[in-house]
Amino acid sequence: MDDLVLWVALTLMPGMRPSVYERFLEKFPDPLKALGSPVGRFGALPPGLVKACSLHWKDYIPKAREVLAMAEKKGMGVLSLVHPSYPERLRQIPDPPLVLYVKGEILPRDRLAVAVVGTRTPSVTGLVTAERMGRDLAAAGITVVSGLARGIDSQAHRGAIQAGGRTGAVLGSGLDVVYPRDERRLYENIRRCGWVISEYPPGSPPLRWHFLERNRIISGLAMGVVVVEAGLKSGALSTVERAIGQGRPVMAVPGSVSNPSAAGTNMLLADGAGLVTCAKDVLCFLKRETEYVPECKENENSGVSVTLEEGEILRIVGNDVLSPDEILRRSPFPPGKSCALISALEIKGLLERMPGGRLVRR
């Protein structure tokens, strides 16, 4: 019998949930040896799981074969915990997924990964920061990992794609159940330039606790976790808890004290998270805390020069997202001169106009 069938059958047994993986793997470093073992060897594992593994494990083989056939039909790869392509960093966490369903391709270079997460209801500044963070990390050779959720997650993915880099999404549903539904196009783009993975078999719905469980995978795949913007009750803080338990460095982008969506990130900073504002900060922090990572070349505009007056406009914009009127009010130059400077900086690619006409530095 194919070992992959047994791995999938193991995940289908009652009581075999991520919450018991750590205890299960401590008891059975080779999980397949649990199948058919005497009841007494299972210790304090859930009774349903003990009974299934000891007496009825063969009953789950037909369903496992159905799951694998469906995965193949829908173009998914399936990796067991012992497969050579299973991400090594993820394998080392206390409760790794026993099986991963994959669309796209996980490459060795994806070991250099950073998770970028945050709220589903960010400010415009948060959206811009997430996109810039994803873009610049990807440009530096880092794989950007997130959860495809609306808001910060999706913007980080988009930034990585814009840079022509690598990005990976971890779903809280089966890979054939794209959630949120309106991110289907982003899902396909991620699959083409990276990978989409889930521990849930095809057809699994996006249940609330699935997202809490998948957060350990997001942090487990990464060298560190960056929280761009998060409220005090944001699900991103669950990823932070997982990261801390896995020994992963946590970083946060500071936000305005008047922005409720930044209350969680500011709290993380008060608790000792690394303060970062850009990809270069992230990579410098990781160099101190972990292994070697590539140099970040973000914010380098080779061959582009600016005048002192243009530099003053860039200083005014800083890391904010400002309307042209706001820039004109803060500018020391006459309105006509300021408008000309803004246009020149847009042509040079140093200012970018966002939806609604507001401007941000690139």
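Of note:
- In segment 54-64 there is at least one residue matching the filter, namely being within 30 Å of Tyr187 (Cα to Cα) and not assigned by TED's automatic domain parsing to the domain that holds His210.
- Residue selection: Val78 satisfies the criterion of being among the β-branched types (Val, Ile, Thr) and not assigned by TED's automatic domain parsing to the domain that holds Pro18.
- Count of residues meeting criterion [among the polar types (S, T, N, Q) and touching a helix residue (DSSP H, G or I) at 6+ places or on another chain (Cβ under 7 Å)] in segment 1-52: 1
- Residue in segment 237-270 that is surrounded by the most Cβ atoms within 10 Å (Cβ to Cβ), counting only those that are part of a loop (DSSP other than H, G, I, E, B) and hydrophobic (A, V, I, L, M, F, W, C): Val253
- Helices (runs of 4 or more DSSP H) contained entirely in segment 15-88, each with at least 3 residues that are surrounded by fewer than 17 Cβ atoms within 10 Å (Cβ to Cβ) and not small (Gly, Ala, Ser): 18-27, 61-73
- Among the residues of segment 90-117, those identified as touching a residue at least 40 places away in the same chain (Cβ under 8 Å) and of a type in the set (D, E, K, R) are Asp95, Lys103, Glu105, Arg109, Asp110.
- Filtered by the rule that a residue be of a type in the set (A, V, I, L, M) and either more than 22 Å from Val82 (Cα to Cα) or at pLDDT below 90 (or both), segment 15-33 gives no residues.
- The set of residues in segment 104-122 that are surrounded by fewer than 22 Cβ atoms within 10 Å (Cβ to Cβ) and out of contact with any helix residue (DSSP H, G or I) (no Cβ under 7 Å at 6 or more places or on another chain) comprises Glu105, Leu107, Pro108, Arg109, Asp110, Leu112, Arg120.
- Residue within segment 62-72 that is free of Cβ contacts under 8 Å to residues at least 40 places away in the same chain and closer than 24 Å to Asp153 by Cα present: no
The values are calculated or read from the model by the stated rules, or taken from the named source; none is laboratory data. What you see is a predicted model; the values in this text were computed from it and never measured. Glycine also receives a Cβ, built like all others from the backbone with ideal geometry; neighbour counts cover every protein chain displayed.
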